[in-house]
């Protein structure tokens, strides 16, 4: 069965990214071709190899990139031109970058603080803009009020740091909360245009496994995250979720 559309995932790592890619690309689930973006080519190869163990015919392609504007724009250009995705329209774009910074505030430097924001928040800005350009190019400019259908879904994977932060997490909290606000303003601007924008809060550990920790609710399953993202994507304009708090059952909150 040929893919029904295209998903672009940045942050394609060994846990959350692998689970998302597995569910979105599986013919019995999302049946989407998936463009995988991450900094290290070796990590992308590992994700593809892992996913194809259970879905050998999945259409997955790797695009090594960081979150700088030029690198991200090149990745989107390369995705557009790739023969594996010929004729496919973009349906989903997922920003799932790992971002961590812990340091006593008086040891923080201006360069490190602003560099963290540029990498994470600036990356979210460029990724969003490129994804939206592609969605409008593929699905047209008409909005829902003009009879257009849902164009696609833009998802940001956030953490509890987007809502509140502990001591020594100034750069981390500033970045996470900024991307949450970016998602919120995009949702308010793009919803009527047919683009569903979601910010999730992943509170707790996520592993690409379905062992005892997942069954008992100690950790989240990466596949469960993928299934949740597919559920969000399939929501019709009659009801759109904007923010979703995800946690394993035993996580304290």
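The values are calculated or read from the model by the stated rules, or taken from the named source; none is laboratory data. Keep in mind the model is a prediction, meaning the values are calculated, not measured. When we count neighbours, we look across all protein chains shown, and the Cβ atoms used for this are built from the backbone with ideal geometry, even at glycine.
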Exercise. State which residue is farthest from the chain's Cα centre (by Cα) when the search covers only segment 206-226 and only residues that are surrounded by fewer than 18 Cβ atoms within 10 Å (Cβ to Cβ) and within 18 Å of residue 22 (Cβ to Cβ).
Key: 211
Self-check item: The one condition in (1) in contact with a helix residue (DSSP H, G or I) (Cβ under 8 Å, 6 or more places away or on another chain); (2) closer than 23 Å to residue 127 by Cα; (3) assigned to a helix (DSSP H, G or I); (4) without any contact (Cβ under 8 Å) to a residue 40 or more places away in the chain that residue 51 fails to fulfil
Solution: (2)
Exercise. State which residue is surrounded by the fewest Cβ atoms within 10 Å (Cβ to Cβ) when the search covers only segment 1-45 and only residues that are part of a strand (DSSP E or B) and over 13 Å from the mean Cα position of the chain (by Cα).
Key: 5
Exercise. Report whether or not residue 153 is within 27 Å of residue 251 (Cα to Cα) and buried (at least 19 other Cβ atoms within 10 Å of the Cβ).
Key: no
Practice problem: Among the candidates 161, 122, single out the residue that is on the phi < 0 side of the Ramachandran plot, buried (at least 21 other Cβ atoms within 10 Å of the Cβ) and either touching a residue at least 12 places away in the same chain (Cβ under 8 Å) or in a helix (DSSP H, G or I) (or both). | Solution: 161
Quiz item: Only one of these conditions is not met by residue 174: (1) farther than 14 Å from residue 98 by Cα; (2) in a helix (DSSP H, G or I); (3) in contact with a strand residue (DSSP E or B) (Cβ under 9 Å, 6 or more places away or on another chain). Which number is it?
Solution: (3)
Exercise. Run residue 231 past the list (1) surrounded by 20 or more Cβ atoms within 10 Å (Cβ to Cβ); (2) closer than 19 Å to residue 7 by Cα; (3) free of Cβ contacts under 8 Å to residues at least 24 places away in the same chain and report the number of the one that doesn't hold.
Key: (1)
Self-check item: Residues satisfying the stated conditions in segment 98-118, i.e. outside any loop (DSSP other than H, G, I, E, B), in contact with a helix residue (DSSP H, G or I) (Cβ under 8 Å, 6 or more places away or on another chain) and under 17 Å from residue 158 (Cα atoms)
Solution: 116, 117
Quiz item: Can you find even one residue in segment 205-216 that is under 30 Å from residue 113 (Cα atoms), touching a strand residue (DSSP E or B) at 6+ places or on another chain (Cβ under 6 Å) and in contact (Cβ under 8 Å) with a residue 24 or more places away in the chain?
Solution: yes
Quiz item: Would it be correct to say that residue 145 is in a helix (DSSP H, G or I), over 23 Å from the mean Cα position of the chain (by Cα) and either at pLDDT below 95 or within 17 Å of residue 187 (Cα to Cα) (or both)?
Solution: yes
Practice problem: All but one of (1) over 20 Å from residue 75 (Cα atoms); (2) under 20 Å from the mean Cα position of the chain (by Cα); (3) outside any helix (DSSP H, G or I) hold for residue 167, so report the exception by its number. | Solution: (2)
Quiz item: within 13 Å of the chain's Cα centre (by Cα) and within 17 Å of residue 84 (Cα to Cα), is that true of residue 59?
Solution: no
Practice problem: Would you check which residues across segment 74-101 are out of contact with any strand residue (DSSP E or B) (no Cβ under 7 Å at 6 or more places or on another chain) and either at pLDDT below 95 or closer than 26 Å to residue 162 by Cβ (or both) and list them? | Solution: 76, 98, 99, 100, 101
